[in-house]
Ligand SMILES: Nc1ncnc2c1ncn2[C@@H]1O[C@H](COP(=O)(O)OP(=O)(O)O)[C@@H](O)[C@H]1O
Ligand SMILES: [Mg+2]
């Protein structure tokens, strides 16, 4: 489905929530939200979302995150589709990090990856009295572009994630249970979670650079005084596996912590030469949690995951 006003545009990516288009001269990006059936919005919802996205982008910019230039966001009714849409427009800011890495040397990837760490450290400067971020962030590497002079830009503003009236704005449509809300707040507004997502996502895209990236992450977090986060990283099961190669640690994995399992799987894959294999990908899909359906990995899948991990990491004799 393509809104009429996008007919002159080229499709760039169909993201999780947005259909993303680019102008023919590749100077501007147009993101349309509300095209999926599940994302139906009435006028009030579309107007409110557009306003929240604008506020969030502004907050990100104010705190010092690098964001695309010439940003606008508006609600728009598409008469042909007969629905309300939210339309975000901004300058094209480069290639998404996960695609950009393909043509780069390891050294360049690591240098640019330092900027990813710098960006999340900027978000860390906004802690509130609950030790949560005032500006939530989803540090999937696909949410950062690499542009001119290899500058990294944060580009994902939907859903808007920020603290408002003592509460946190999380997902954008429909009712949400307290449990789901807690999950999203923990995932996008806490330092430990943001760092874990960044590490896992980076490892997924550049598995062979996970170890040097991990070292740089520890160094930068230490310099920034983020000792509790460093402590979290160095006490994780994945780090214990890195040090000991002990497959017994697989039994300590927690089905309610899919990120912990993914992180562990990265380390096992690296240690045993299973990078980019089917098994490795399978673990990532099995750990995908739809929080609206369940809050932990189902017993059958969890069993399979453990078997897959064992098959990647044969016990040492
Ligand atoms: N300003 C931009 N410049 C260049 N590419 C962009 C820009 N914004 C988005 N993209 C591309 O579109 C993809 C999806 O955008 P995003 O805003 O993250 O949508 P979603 O949250 O639905 O995934 C990005 O991974 C990137 O490839
Ligand atoms: Mg995104």
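The values are calculated or read from the model by the stated rules, or taken from the named source; none is laboratory data. In this text the structure is predicted, and so the values were computed from the model without any measurement. Glycine gets a Cβ as well: all are built from the backbone with ideal geometry, and neighbour counts include every protein chain shown.
Taken over the stretch 62-86, the criterion of being in contact (Cβ under 8 Å) with a residue 60 or more places away in the chain and assigned to a strand (DSSP E or B) is satisfied by 73, 76, 78, 85, 86. Within the stretch 11-35, restricting attention to residues that are within 18 Å of residue 78 (Cβ to Cβ) and exposed (fewer than 14 other Cβ atoms within 10 Å of the Cβ), the residue that is nearest to ligand 2 (Cβ to nearest atom) is 14.
Screening residue 205 on (1) touching a helix residue (DSSP H, G or I) at 6+ places or on another chain (Cβ under 8 Å); (2) at pLDDT 95 or above; (3) within 16 Å of ligand 2 (Cβ to nearest atom) shows it passes everything except condition (2).
Looking across the stretch 58-105, the residues that are within 9 Å of ligand 1 (Cβ to nearest atom) and out of contact with any strand residue (DSSP E or B) (no Cβ under 7 Å at 6 or more places or on another chain) come down to 98, 99. Per this entry, residue 173 is not counted among residues that are surrounded by fewer than 19 Cβ atoms within 10 Å (Cβ to Cβ), assigned by TED's automatic domain parsing to the domain that holds residue 299 and assigned to a loop (DSSP other than H, G, I, E, B).
Any residue at all in the stretch 132-140 that's buried (at least 16 other Cβ atoms within 10 Å of the Cβ), part of a strand (DSSP E or B) and in contact with a strand residue (DSSP E or B) (Cβ under 6 Å, 6 or more places away or on another chain)? Checked the stretch 132-140: at least one residue is buried (at least 16 other Cβ atoms within 10 Å of the Cβ), part of a strand (DSSP E or B) and in contact with a strand residue (DSSP E or B) (Cβ under 6 Å, 6 or more places away or on another chain).
Pairs linking a residue in the stretch 289-317 that is modelled with pLDDT under 75 to a residue that is assigned to a loop (DSSP other than H, G, I, E, B), with Cβ atoms under 7 Å and 6 or more positions apart or on different chains, are 316/245. Please work out if residue 191 is at negative phi and surrounded by 18 or more Cβ atoms within 10 Å (Cβ to Cβ). Answer is yes for this residue. Looking only at residues in the stretch 150-160 that are within 19 Å of residue 118 (Cα to Cα) and assigned to a loop (DSSP other than H, G, I, E, B), the one that is nearest to ligand 2 (Cβ to nearest atom) is 156. Could you please let me know if residue 108 is within 13 Å of ligand 1 (Cβ to nearest atom) and part of a helix (DSSP H, G or I)? Spelling it out, it is not the case that residue 108 is within 13 Å of ligand 1 (Cβ to nearest atom) and part of a helix (DSSP H, G or I). In the condition set (1) within 15 Å of ligand 1 (Cβ to nearest atom); (2) farther than 19 Å from residue 99 by Cβ, residue 8 is compliant with all but (1).
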